[in-house]
Structure formats: C-alpha cells, structure tokens
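Contents: one structure, followed by commentary.
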Protein chains: 2
Amino acid sequence: MAGYDYIHDGAAIYQRSFSMIRDEADLSAFPVTDANIVVRMIHACGMVELAQHVSMSADFTSSARQALKGGCPVLCDSEMVAHGVTRARLPASNPVVCTLRDERTPERAKLIGNTRSAAALDFWGERLKGAVVAIGNAPTALFYLLELLDAGAPKPAAVIGLPVGFVGAAESKEALSQRTDVPWLIVHGRLGGSAMAAAAVNALASETE
Amino acid sequence: MAGYDYIHDGAAIYQRSFSMIRDEADLSAFPVTDANIVVRMIHACGMVELAQHVSMSADFTSSARQALKGGCPVLCDSEMVAHGVTRARLPASNPVVCTLRDERTPERAKLIGNTRSAAALDFWGERLKGAVVAIGNAPTALFYLLELLDAGAPKPAAVIGLPVGFVGAAESKEALSQRTDVPWLIVHGRLGGSAMAAAAVNALASETE
C-alpha cells in the first residue's frame with residue numbers, strides 16, 4: 001500500500017515526542033522527578049508552555065508514588081480519566097474507580113444540590129483514605145472534595161486537581177493549592193482536562209518513559 | 001456542610017461557560033452551525049484561541065449531522081474518545097466503536113508494521129462506510145485511515161481529525177485537510193486530543209447546548 005511518510009513504531013514515537021518536549025519546555029522550576037510528570041502532561045496536550053502553569057506541593061510526587069506502589073486505588077471524576085489510565089503501568093494492579101455512572105448518583109445529586117460529578121464522590125467512601133484522586137473534568141467535583149475533607153472525610157495520599165474550563169476551574173484549583181492537609185498538583189487557570197489528569201497518573205505509576 | 005462559593009447546577013454551569021466562550025472567542029470565520037462545534041471544542045480545552053486554528057471542509061457539518069441522524073456508527077481511535085461521547089445526545093442510538101482493545105489488534109500491528117492505534121482500524125471493516133470517524137489520539141491512526149482510503153476502503157461521512165502532540169500530529173492533520181474525497185475537521189498544529197474529538201462528536205450529535 002502506497003503511503004505517507006511517518007514513524008510507524010509506537011516506542012520510537014514516544015521517545016521522539018519526549019525528547020522534543022525536553023528540548024522545548026522550560027522545566028527548570030521542577031526537580032527531576034516532578035519534571036517527568038510535567039513532560040507527560042505536556043505530551044497529553046501538545047503545549048510546552050503548560051510547564052509555566054503547573055504547580056505541585058513539595059510532597060506530592062513522593063506521596064502519590066508511594067501510595068500507588070502500596071496498591072492504593074485511583075479515584076477518577078470521569079470515565080475519560082479512568083479510561084486514560086494505562087493499566088499496565090500501574091505498579092500494584094491498582095483499582096481504577098469512577099462512580100459517575102453509579103445508579104445512585106443522580107438521586108444523590110438532587111439530595112445534596114450539586115452536580116452528578118460532585119455527588120459521585122459520595123460513593124468513593126472509605127476508598128478515599130490514602131488514594132490518588134484524579135479530577136480532570138468537573139470543578140464541582142474538586143470543590144466538593146475539599147468540602148468533604150473539611151467535613152472529616154479520610155485523607156487521600158495525593159490530589160491531581162485538573163478540571164478544565166471557564167466556570168470554577170481556575171477557582172477550584174487555586175482553592176486546592178491553598179491546602180496543606182493533602183499533597184496536590186494543579187495547573188493554574190483554565191487548562192487541564194481528562195487526558196492531562198490521566199497522563200499525570202501514568203507518569204506517577206511508573207518511571208518508565 | 002460549610003462550603004466554597006461556586007455554581008452547583010450543571011445546566012447553569014454549561015450555560016455560563018458557553019456564554020463566556022461566545023463573548024471571548026473570535027468565531028467570525030465560521031457559519032453559525034460550524035461555530036457551535038468550535039464552541040464545544042473550546043469548552044473541552046479551556047482555550048478560546050483554539051478558534052484560530054480550527055478548519056473544516058464546507059461539507060463537513062452537514063454530512064456528519066445527516067449521517068448521525070441516519071444512525072451511522074461513531075468510530076473512535078481511543079477508548080477515551082469513545083467514553084467522551086455523550087450517548088444521550090446521539091440522535092439514533094448510534095453505535096460508538098473502538099477496536100483498540102480487540103484481541104486481534106496487537107498481532108495485526110506486527111503484521112502491518114504500524115502502531116496498535118493504526119492496526120485497530122482494520123477491524124472497523126464495512127462499518128467505515130458512511131461513518132463519523134473521530135481520531136483524538138494517534139497520528140498514525142489518521143495517516144493509516146488516509147492510506148486505507150487510498151487503497152479503496154469505504155468512504156466515511158466525515159472525519160474528525162484531532163490527534164494531539166509532537167510527532168506526526170500536525171502532519172497527519174494537514175494531510176487530511178488536503179483531501180477532497182471525505183469531509184473533514186482539523187485543528188492545525190499540535191493541539192487536539194480525545195476530549196476535543198469527543199466534544200466535536202457531541203456538538204454534531206445534537207444542536208442542544
């Protein structure tokens with residue numbers, strides 16, 4: 001079959017992509033272990049400028065990596081995040097959980113007067129303790145998580161806070177970045193999304209590039 | 001529970017988001033029906049500047065909408081795209097298909113000397129005829145689709161070509177935009193992704209905002 005001129009080998013494409021990102025992105029603000037996470041987040045969105053907008057708490061990477069190695073669940077606010085997590089990279093066959101489609105979620109949303117994305121968190125239950133939380137879609141889910149923590153919910157090991165968009169995304173991420181009770185990762189402003197949140201999980205899950 | 005100050009109503013959040021996008025984005029290059037698609041793509045990535053980089057063929061929106069109304073399948077290159085398509089918006093309970101995890105895909109990839117993302121397309125088969133194709137992840141899948149078309153594969157009704165990233169993404173989208181045999185939508189350059197591809201499908205599926 002006559003064809004186009006492009007790289008056909010998946011591993012070579014990854015290698016070349018990460019090499020281009022490291023050439024172009026200014027990662028000087030990050031320790032090496034944190035920079036590896038930023039590289040994968042950039043890979044997911046195609047923008048090297050993202051590096052300027054990423055912040056994480058000093059304990060984020062070590063806490064998240066340790067929790068994953070210990071078998072903690074990955075709790076996701078959307079099916080897209082859950083389906084973006086590469087199962088083969090997870091160090092301990094960690095469960096990947098999304099409760100958005102739990103049949104009780106719509107009723108729960110009415111009861112608490114919040115979105116389904118927020119209400120779904122009520123079905124994480126005790127799994128929240130020591131978990132890696134990955135929020136890539138809904139600002140309301142991130143705000144509600146912070147409210148649950150204030151109300152005494154178990155503490156996760158790390159919170160990837162990457163809701164995207166125009167209403168509440170920037171505000172919810174800033175609120176997360178003010179917290180000292182949980183390790184956190186954010187992107188300031190409107191950028192984020194489920195692919196980026198899954199990429200952060202995938203970077204934490206394995207040091208293989 | 002004491003809380004943060006944010007909008008709790010999902011419908012109100014959507015309405016406010018789309019209103020902000022229409023205020024801020026320059027959509028003057030697009031007819032109204034096309035602009036509605038760009039608005040949802042912007043919503044998915046948080047960047048109003050995206051509008052400057054979107055192109056679609058003149059027949060794209062009408063062809064894709066008509067095909068969806070007629071019950072065509074939505075063929076996706078990744079599980080994330082497939083899981084980002086809102087089933088309730090689809091006009092004819094359209095099947096949403098991703099063959100990346102088909103058990104035959106790894107073997108097929110070896111046989112054709114291409115990525116699994118590309119090889120998965122060989123299992124779309126006759127479903128390609130009149131389908132809406134949504135590629136949000138792999139440039140190799142988009143290049144391979146064009147090669148299949150050149151080799152006589154059935155023509156889809158529309159191709160959403162939004163692979164993201166650093167190696168082949170821009171090139172594969174430019175190649176698609178040179179085609180006159182299929183209606184197409186692209187974003188020039190590195191931007192794209194599964195959330196954006198799913199957003200385009202969701203915009204085409206229903207005119208409800």
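The values are calculated or read from the model by the stated rules, or taken from the named source; none is laboratory data. What you are looking at is a predicted structure, and each value in this text was computed from that prediction instead of being measured. When we count neighbours, we look across all protein chains shown, and the Cβ atoms used for this are built from the backbone with ideal geometry, even at glycine. Surface accessibility is based on the protein's heavy atoms, side chains included, excluding ligands, DNA and RNA. Shrake-Rupley method; radii C 1.70, N 1.55, O 1.52, S 1.80 Å.
Here is the interface size for A with B: some 4000 Å² of accessible area buried, both sides summed, with a 1.4 Å probe. Taking each residue as 0.36 nm, the span from B:D5 to B:T208 lengthens on full extension beyond its C-alpha to C-alpha distance by 70.3 nm. Spatially close Lys pairs in the protein assembly as shown, defined by Cα atoms under 20 Å apart and a spacing of eight or more places or different chains, total 8. Put simply, the C-alpha atoms of the range A:129-209 give a gyration tensor, and the ellipsoid matching it has half-axes of 19, 17, 9 Å, longest first. Just to be sure I follow the definition: excluding the sites themselves, where is the longest run in chain B that has none of the trypsin sites (Lys or Arg not before Pro) in a DSSP loop with at most 16 other Cβ atoms within 10 Å? Segment B:1-100 is the longest.
Sorted from nearest, the other copies put their B:R16 label points 4.5 nm away, the label point being 7 Å from Cα in the direction of Cβ. State whether the range A:1-74 is rounded, prolate or oblate according to the following rule on the C-alpha gyration tensor (a ≥ b ≥ c being the square roots of its eigenvalues): a/c under 1.5 gives rounded; otherwise a/b larger than b/c gives prolate, and the remaining case gives oblate. The shape class here is oblate. What the pair-distance distribution of the protein assembly as shown shows, using all Cα-Cα distances binned every 20 Å from zero, is 28, 59, 13, 0 percent. With its label point put 7 Å out from Cα toward Cβ, A:K129 sits 5.9 nm from the same residue's point in the other copies, in order from shortest. Close amide H pairs (under 5 Å, H built 1.01 Å from N) link B:V96 with B:V74, residues at least 5 positions away or on another chain. Other residues within the sphere of radius under 12 Å centred on the Cβ of A:A25, judged by their own Cβ, net out at -2 (K and R +1, D and E -1). Shielding value for A:10-17 is 4, the average number of Cβ atoms from other chains within 10 Å of each residue's Cβ. Summary of the geometry: the range A:1-26 and the range A:84-127, compared by the centres of their Cα atoms, lie 34 Å apart.
When the Cα centres of the range A:131-148 and the range B:27-58 are compared, how far apart do they sit, in Å? The range A:131-148 and the range B:27-58 have Cα centres separated by 28 Å. Using only alpha-carbon positions in the range B:55-149, the gyration tensor eigenvalues give semi-axes of 23, 15, 11 Å once each is multiplied by 5 and square-rooted (largest first).
A point 7 Å from Cα along Cα→Cβ stands in for A:E174, and the other copies hold the same point at 4.0 nm, listed in rising order. Radius of gyration over Kirkwood radius for chain B, both on Cα atoms: the Rg/Rh ratio is 0.99.
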